[in-house]
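Okay, structure first, notes after.
None of the figures in this text is laboratory data; all of them are computed from the coordinates on show. Bear in mind that the values here come from a model prediction, so they are computed numbers and not experimental data. Here the Cβ positions follow ideal geometry from the backbone for every residue, glycine too, while neighbour counts run over all protein chains shown.
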Amino acid sequence: MVIPYVREMAFEYGRADRVSPLIRRVVAQNPGPFTYLGTGTYIVGAREVAVIDPGPADKTHLDALLEALAGCTVRAILITHDHADHAPLAADLARRTEAPVLGARPTPSRQAEKPGMEEGSAPSYRPDRVLEDGETVSGPDWSLTTLATPGHTANHLCFALREENALFCGDHVMGWSTTVIVPPGGSMTDYYASLRRVIAGGYDILWPTHGPPITEPGPFLDAYLEHRLKREAQILELLSRGPANIPQMLSRLYMGLDPRLHRAASASLLAHLIHLIKTGAVAADGPPGADQAFRVIAPS
């Protein structure tokens, strides 16, 4: 998907860039097909600060964050979700700053996603406290309110910065691509509801963990939702010609896709199909999976 309204961002790995009156961003050097330029860690506030998504367990990134935090008191380390490019550095940063780790509920080990991507859950993530929807964490010049946004993962959270009408949206909305949804932890049904909730929030700017800020959230999010609904319509049109499994659908719907992204695309197709089964539009002869054939249910 080509995302409209996106501009490239100026940055240097390890450099703390002032991106708004209350926000600085430090980008980790972990670029890739699922992380884009790397994990963007946000520092919110002047002297008493919050750190959002410290990132992968990388000493160079830890050193860059500690340099950016010199002279500051860290009030909280906030985690949008426990994927390996967002949460592992939290423990080391907490030890160095004596700050509590707050945020997403850890993924149960029996539900941990293993999609063969960088997006697996981090088993080392252990928050001091799980934040619930609507809870606020604040400092002298900032307040961050939790917004539960399941979809990308079941435990995904966003954080709304009241003072700038901004939303730190983690991986719920990407600044460069669509979001990967990997069942069973990810749910397209939940994602639709959460995305509409973000749209209804009327934020002035979105700060994703990967990619540049989204400065026109209204039309951007409308296009984001439209893309998902268009993909759903493509699946239904393809299945109207006869049953098909996910590899067959992948070859027809994602022609020319980078092979490194095949697993991610297959996971999102499965998420769409599970949603369509829930809505009664599609059926399968057994539990939904990669090799299971899916078919359209004819309207009665």
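Apply 1/(1 + (r/R0)^6) to the Cβ-Cβ distance of R197 and R95, taking R0 = 35 Å, and write down the FRET efficiency to the nearest 0.05. The calculated FRET efficiency here is 0.50. In the chain the Cα-Cα distances spread across 20 Å bins starting at 0 as 35, 54, 10, 0 percent of all pairs. The stretch between Q234 and R162 holds 22.0 nm of extra length on full extension. This uses 0.36 nm per residue minus the Cα-Cα distance. Listing V130, V44, V182 from fewest to most neighbouring C-beta atoms within 10 Å gives V130, V182, V44.
Put in line by how crowded their Cβ is, counting other Cβ atoms within 10 Å and starting with the fewest, M255, M9 read M255, M9.
For a Förster distance of 25 Å, can you work out the FRET efficiency between the beta-carbons of M9 and T60, rounded to the nearest 0.05?
The computed FRET efficiency comes out at 0.80.
If you plug the beta carbon distance of R47 and H262 into 1/(1 + (r/R0)^6) with R0 = 41 Å, you get a FRET efficiency near 0.30.
A convex hull fitted around the alpha carbon atoms of the range 203-300 yields 136 Å³ per residue. For the range 122-174, GluC sites (Glu not before Pro) meeting the loop criterion (DSSP other than H, G, I, E, B) and having at most 12 other Cβ atoms within 10 Å: E132.
Under a Cβ-only charge scheme (Lys and Arg +1, Asp and Glu -1), can you give me the dipole magnitude of the chain about the Cα centre, in debye to the nearest 20?
Value, rounded to 20: 520 debye.
In terms of Cα atoms, the Rg and Dmax of the range 117-177 work out to 13.0, 39 Å.
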